[in-house]
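Quick notes on the structure that follows.
Values in this text are rule-based calculations from the coordinates and carry no lab data. No experiment lies behind these values; they were computed from the predicted model shown. Ideal geometry is used to build each Cβ from the backbone, glycine not excepted, and the neighbour counts take in all protein chains shown.
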Amino acid sequence: MKRLLGMILSAALVITAAVPAYAAESESKQLETVIKAVKSVITVAEDASFSYDTYQTQNGNDTVRLWNLNWEKGKDHIYVSALSDGEITSYYHYNDNQEQEKKGLTSLSREQSQQVAQEFLQKVLPAGIAVADLKLRENWVGDQTTNYIYDLTRNGAAGRLLVKDISFSITVDRYDKTVSNYYSNNLLQYLNAKLPSDSGLIDKAKAESIFLKNNGLKLAYIPVTDYQNKSVTAFVGYTRDDNNFLIDAKTGEVVNYTQYYYIGYDKGGMGSAESASAGNVTLSPAEQAEVSTMKDLMSADEAAKILKNKVALMNKAGKQTGSSFNSDYFSKTEYYWNINFERGNGTVNAKTGEIQSLYYYGDLPESKSGISKEKAESIAQEFIKSVAPSMSEKVQLARSAQDTDTSWTINFDRIENGIGVYGNGMQVSISKANGNIFSLDTSWSNIKSFPTHTDNLGQEGAFKIFDDNSVFAPMYIVPNTDITLYDTEAHAVNKGTFLAYGFEKSSSFMIDPATGKLLDYRGKAYTEEKSGVVGYSDIAGKWYEATVKTLLDNGYYIDSELFEGSKKITQEEFFRYLFAQYQSYQDTDDLYEMLKNMGVIEASEKDPSKVLTRQEAAKFAIRTLGLGKAGELQGIYKKAFNDKIAPQYEGYAALSKALGIMKGDSKGRFNGGNALTRAEAAVIILNTLNAK
């Protein structure tokens, strides 16, 4: 639930902008229609308090009114956003006490959970969209919920095609067995769109050829940031231009698909007041070294002069309003001044004087012509040579230049040893009216060394692997108001809804050019985050069937096709079973680091491939419940079992019996030294989770 909560609340905040409610008769009639439509789908207490607000928004050429309805009764809250005809765009039901009251596992099966979700969708989906049109992209079990994300598809001459970025998220409360969250992504844009015919599409081979010809796949250095050790390393992998690169499925034209996000600029300053007793304070050697270093660096005023001397528009940015000084987190020998003006800001390397970033936010000319793309590229190249010569030597002009009505944005990729550095480069924005530069952004990872590499795949080999794992196919593109499309000449275009070849799944992995293996963001073997296995074919009729299925329905599983209940379980398998909701994407080292931080295991106890004993399972179960200190105590517990127990496990054994985690065999024996089977592990894990 927590994973979806941020998204739902963010959407609600966008919709519930502080706009006055309308009281005209037409609006009151709409409000009545909306309330009735919503209450036909969800249950609301008759004595709940009610409030609402409404606002109009532009959806393409249409004006749309959104209604936000709120019901409250005690600690129970319901929030709904809907269109004037009653179409629900989001729903959120929350009780202030629910997280404290709900403990242990629930009896709601996977099949029942999905049925709850689909029954809700059947009632809430807009006219023209059926449950059969939805394709389950992802589902996972949270602490108290099962969560689903469905993508929209449409049937046509070319088969069933994805509608890109139109999705429906739904959360089922496993305790109440009801839907607690529902959110439709980009639904307004879809309802207003007219889908084109899917006949006359170019074939996939041609689309692939165009994609590769235009460098849709790139071999690049991928930076790996280690904040704990304050270092940045790199590995080499094939990456793809994911959302920003589409092939028009009818014309073969390359279309850049760019979504813009607001970037905030920090306006921090440095204090100048001195403490009255500062004269009596002495500096440590480390502090004195920093003071000495700063004497050799430029001042804030000198950094401000560089910005004004090098950038024409910064002379119109007004007076200096503040400054801050900092070192690079990953390289303490790199220092920067951040200078703020009334209508702009900039960052300057305090040692070299190179400008890292700037932004002028004063008025700019409205002219829509005057500077061509080629001229803008030339201006940008000369500019970065002037303001950042050391970096300009390591960049090359990128394909994805962009234009708006009044400006050009020119992009440069960072190149090292002949290949790019993923996410690194420079971006310059230029006024079309007069060629003035009003923005510079630099992304430059502080990588100390770049490894050598071997490319056994080539672009075509890498493309096939991406296609096998992410599906390159034609799909409907329904741009929303936050997305701008660019043609091959980097001009902004309005294509409306159209068909394009692209990858159905987002790129969450890279490809090793030497082996073809999938790599994660750290360069390690990629493991897809899973919601768990669907079921096991070998548990029917076994004494542990109900236990294993209850765990499976609650998101706890052993990742294999067969359960093999009599098989002995290793230490790592036990932990992956016990923490299945949290570790599906972690490698062994990450898993054990998490367990160590949680106090479940000590570093000296790590032995992933060792077969686990019953007494070790008791110890780890008790520590999982936060009772490790009590389990360590010896000589204070009554004898819990009829056989002899090693002294260091007496407390863990006694607590495990008292809490109903381990009950012993038919003769009341603990059998602490016996190897643990998967079936026995399932019982211990279920009892541990219910004891929380």
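What the table below lists for this structure:
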{"quantity": "Nearby lysines by direct alpha-carbon distance to K332 (threshold 25 angstrom, same-chain neighbours under 8 apart not counted)", "calculated": "K230, K267, K295, K305, K351, K394, K448"}
{"quantity": "Whole-Hz ³J(HN,Hα) from phi, Karplus 6.51 cos²θ - 1.76 cosθ + 1.60, for region 674-681, glycine and proline x", "calculated": "6, 5, 8, 8, 4, 5, 5, 4"}
{"quantity": "Dipole magnitude of region 286-443, debye to nearest 20 (Cβ charges: Lys/Arg +1, Asp/Glu -1, about Cα centre)", "calculated": "340"}
{"quantity": "Whole-Hz ³J(HN,Hα) from phi, Karplus 6.51 cos²θ - 1.76 cosθ + 1.60, for region 115-123, glycine and proline x", "calculated": "5, 4, 5, 6, 5, 5, 4, 4, 7"}
{"quantity": "Dipole of region 286-443 [Lys/Arg +1, Asp/Glu -1 at C-beta], most positive-end residue of F438, A303, S327", "calculated": "F438"}
{"quantity": "Set of lysines near K606 by C-alpha distance (under 17 Å), chain-local residues within fewer than 8 positions excluded", "calculated": "K596, K619"}
{"quantity": "Options M594, F579, G672, ranked by Cα towards positive dipole end of region 545-691, top entry (Cβ charges)", "calculated": "G672"}
{"quantity": "Whole-angstrom gap from region 542-620 to region 167-244, using each part's C-alpha centre", "calculated": "32"}
{"quantity": "Fewest-first ranking of I601, I447, using other Cβ atoms within 10 Å as the exposure measure", "calculated": "I447, I601"}
{"quantity": "Note, ³J(HN,Hα) from phi for region 344-358, Karplus 6.51, -1.76, 1.60, rounded to Hz, x at Gly and Pro", "calculated": "x, 7, x, 10, 10, 5, 6, 9, 9, x, 6, 8, 8, 7, 7"}
{"quantity": "Over 25 Å (Cα to Cα) - which of K644/K692; K310/K373; K135/K206 fall in this group", "calculated": "K644/K692; K135/K206"}
{"quantity": "Alpha-carbon radius of gyration plus Dmax, which is the widest Cα pair, for region 37-195 in Å", "calculated": "16.7, 53"}
{"quantity": "Net charge of neighbours whose Cβ lies under 12 Å from the Cβ of G362, counting Lys and Arg as +1 and Asp and Glu as -1", "calculated": "0"}
{"quantity": "Sum of -39500 (n - 2.57) over DSSP H runs of 4+, divided by residues of the chain (222 nm, nearest 500)", "calculated": "-8000 deg cm²/dmol"}
{"quantity": "Longest to shortest principal axis, alpha-carbon extents of region 286-443, angstrom", "calculated": "55, 42, 20"}
{"quantity": "Anchor K517: aspartates and glutamates whose Cα lies under 14 Å away (excluding residues fewer than 8 positions away in-chain)", "calculated": "D455, D467, D468, E528"}
{"quantity": "Whole-number D in µm²/s for region 545-691 (Stokes-Einstein; Kirkwood sum over Cα pairs; 4 °C, 1.567 mPa s)", "calculated": "84"}
{"quantity": "Dipole magnitude of the chain, debye to nearest 20 (Cβ charges: Lys/Arg +1, Asp/Glu -1, about Cα centre)", "calculated": "1280"}
{"quantity": "Positive-end residue of S470, S109, N338, charge dipole of the chain with Cβ unit charges", "calculated": "S109"}
{"quantity": "V395 long-range amide H proximity, modeled H, under 5 Å", "calculated": "I415"}
{"quantity": "Surface/4 estimate of mean projected area, convex hull on alpha-carbon atoms of the chain, nm²", "calculated": "40.4"}
